[in-house]
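Structure first, then comments.
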Amino acid sequence: MSAGLARSVALALLFACTPDAQTEPAAQEANRQTPSAPVAAPAPVPAVPPPIVPLPEPDFVTAPGHLEGGHLYVTVRPRRLQEFVRALPIAAERAAVVAILQEELGLSLGSIEDLGLDPEAAMTATLMRPVAPQMAAVREQVQQIAAVQGGDPAATPPLSPELLRAAASLTYHNRLHIPVRDPEVLLKIAREQQRAGGLCPRLPHDACLASERATVLLRRDDGAVVVDAFLQPYPHPDVGDEDSRAEAALAALEVRPARHAALAVLAGDVGLYIHGATIPALSDIFELGELVETLAITPSGQRRAVIDDALAHQAAVLRLRDTRRLFTGLSVSAALDPSDVRVDLSWEPADLTAAQQMEQLFAPAGGGLPGPSRAALCDGALLCWQLPPLPALAGFEGLGLGDYASHDTLGPTIAAGGQFGLTVIAVETWPNQLGAWQRWSRGHGRDAGVARTLFELVGAVQGAGGSIRAGGGDIKRAKVIYARLNRQELGLVRSFASVAGAKFEDLPEGGLQHRLAAAAGQDGMTAFLASEPDEQTGWLIGADHLDGARWLLTAAPREFNIAPSFFVGSDDLAGLLAEYGPAGAANFAAWATGRKLTAIVELNRARPRIEIAVTRSVP
């Protein structure tokens, strides 16, 4: 069989197990035909969008370490974290870290109680909170440098003290609230490290550490130690403006508590909330601060290009957010029982309208066809997965706004946005990416036609899944992958194979009630097309032996798979890590033995979520 056919079959199976699209029920019959000619580009989005209903104001007690305007919000239960770390097979690494800390702090550390912490109370923190009152001044002055013409292009004139001073003031603030039984333990450690100077004399503290890049304040606060760390990534000590830095720090100490709805449900032994609204300001701090440092050593003839490139990064981050965003952030909660680890990720809706929209967008577009039961597919498997019928990709087209309206525009914007741009997409706008793909597939050109064809095939999948398990005899692994299809899509798969220069060959029935055809694939896999006795539906199967296809068609119990959106699991986590794990996975073999992995993805919810659990195989 040619490599082209293998690629076609692999693409079909891959897309069958990837969340993307499905046609509307009323249009399924039409879409089961070979793709039609390219259609016209979508009409402009209506000028009047649906009304947006805000979320109600949350009613909860704000954690003392959570401040308004932060990027990362953290909750940690120290004892649970300590017990979990002690249970991991990293004794040597843990001992090395403890030895370093003991030497640095001059303490004997056997547990968190040796630091005076209250092990039962939750530590809370706000991290990477932008404090940059002179941000606009920095941007204005670098734009003035870009506008300067003439002069020796090879010369490197010094930057103005005003610009260096403003850049040095770019700060992000971290607040930690640490419940303690004895505050003097932490305060004594800080005082022994204390370095006088900087902002310390001008700010309230019980202990203070200062350097040209950071000021760290420790204060007693009713059974807790409060730590405020002000970090300047790009200091210029010769021109530092102590007055403006002190004023900004004093204002930050008085900022009001955070009221984000996500914090009301942040749970677990370790909790994290990533707030998307602060991404542009953080991008500005790092981009502009690094830009000023770069300009200081850049010849004047090259400064314009350097400035344009940096400002393009900032503009790209803003453009990625300049759309209808369904989410405000991402929450991560972890329950760290050493024998039962559960991690839950959920996206927080921007408003009630967005919450309702998510439930509608990711609702399965069809009822599906029965496939193997999850128990049959997964019991004892090294790895298994299941996917129900997919949502209609057409529903996401309304989210293709701004740069997401054009795939040609969106690609360069994502590239220009860098890590901050990718964070915007992961935290706030990944549904808009689906809208961009849908708009792209409806356009003209060869690439759009290929995308349209694949989306139509994927949208017609009525359920998919697969399993990898230990084989018997000379077979090391037994693999089987399937997708449930209607008759027309089975014919489309045959057409793909024909275009690739190969074809499926009919096989003798061999006692099966299904018409079966096969095409040899790569890596010992064979692709099978099987029609059900009614000739209206069938299967696309990839297996390393005919017995795998025969098991799916005749022996495996069947059931409809309509929820959750996606499931992946392993009844042998140790074997999975040994076979497919990263470097160093062998260190966790003893811990993983006797444990299984499950991951559930549910997207058709007001708060889309991913739940990952590592539990003991035998309770």
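The values are calculated or read from the model by the stated rules, or taken from the named source; none is laboratory data. Because the structure is a prediction, the values reported are computed rather than measured. Counting neighbours? That spans all protein chains shown, and the Cβs are built from the backbone with ideal geometry, glycine included. Only protein heavy atoms, including side chains, enter the accessible area calculation; ligands, DNA and RNA are left aside. Shrake-Rupley method; radii C 1.70, N 1.55, O 1.52, S 1.80 Å.
May I ask you to list the residues in the range 580-608 that are in contact with a Pro (Cβ under 9 Å, 6 or more places away or on another chain) and open to solvent by 40 Å² or more (accessible area, probe 1.4 Å)?
587, 588, 589, 590, 591, 600, 602, 604, 607
Of the residues 276, 368, 301, 380, which is at negative phi, open to solvent by 10 Å² or more (accessible area, probe 1.4 Å) and touching a residue at least 24 places away in the same chain (Cβ under 8 Å)?
The conditions single out 301.
Restricting attention to the range 542-555, which residues are open to solvent by 70 Å² or more (accessible area, probe 1.4 Å) and not in a helix (DSSP H, G or I)?
Across the range 542-555, the qualifying residue is only 545.
Which of the residues that make up the range 450-473 are open to solvent by 20 Å² or more (accessible area, probe 1.4 Å), part of a helix (DSSP H, G or I) and not polar (S, T, N, Q)?
Passing the criteria: 450, 452, 454, 455, 456.
Conditions: (1) surrounded by fewer than 21 Cβ atoms within 10 Å (Cβ to Cβ); (2) assigned to a strand (DSSP E or B). Residue 318 meets all but one. Number of the miss?
(2)
Has the range 104-113 got at least one residue that is over 35 Å from the mean Cα position of the chain (by Cα), open to solvent by 70 Å² or more (accessible area, probe 1.4 Å) and modelled with pLDDT of 90 or more?
So far as the range 104-113 goes, no, none of its residues is over 35 Å from the mean Cα position of the chain (by Cα), open to solvent by 70 Å² or more (accessible area, probe 1.4 Å) and modelled with pLDDT of 90 or more.
Can you tell me which residue within the range 401-413, out of those that are within 20 Å of the chain's Cα centre (by Cα) and buried (at least 18 other Cβ atoms within 10 Å of the Cβ), is farthest from residue 452 (Cα to Cα)?
Ranking the candidates gives 413 first.
Across the range 346-363, what is the number of residues that are surrounded by fewer than 20 Cβ atoms within 10 Å (Cβ to Cβ) and not in a helix (DSSP H, G or I)?
Total satisfying the criteria: 2.
For the range 254-273, what are the residues that are part of a helix (DSSP H, G or I) and buried (at least 20 other Cβ atoms within 10 Å of the Cβ)?
Listed by number, the residues that qualify are 262, 263.
I'd like to check something: does the range 437-445 contain any residue that is over 27 Å from residue 537 (Cα atoms), among the basic types (Lys, Arg) and part of a helix (DSSP H, G or I)?
Yes, that holds for at least one residue.
Looking only at the range 302-323, how many residues end up being modelled with pLDDT under 95 and over 24 Å from residue 166 (Cβ atoms)?
0
Go through the residues of the range 383-399 one by one and say whether even a single one is open to solvent by less than 40 Å² (accessible area, probe 1.4 Å), free of Cβ contacts under 8 Å to residues at least 60 places away in the same chain and touching a Gly at 6+ places or on another chain (Cβ under 8 Å).
yes
Name the residue, out of 539, 591, that is of a type outside the set (D, E, K, R) and part of a helix (DSSP H, G or I).
Exactly one of 539, 591 is of a type outside the set (D, E, K, R) and part of a helix (DSSP H, G or I), namely 591.
Name the residues in the range 599-615 that are of a type in the set (D, E, K, R) and touching a residue at least 60 places away in the same chain (Cβ under 8 Å), would you?
605, 607, 609, 611
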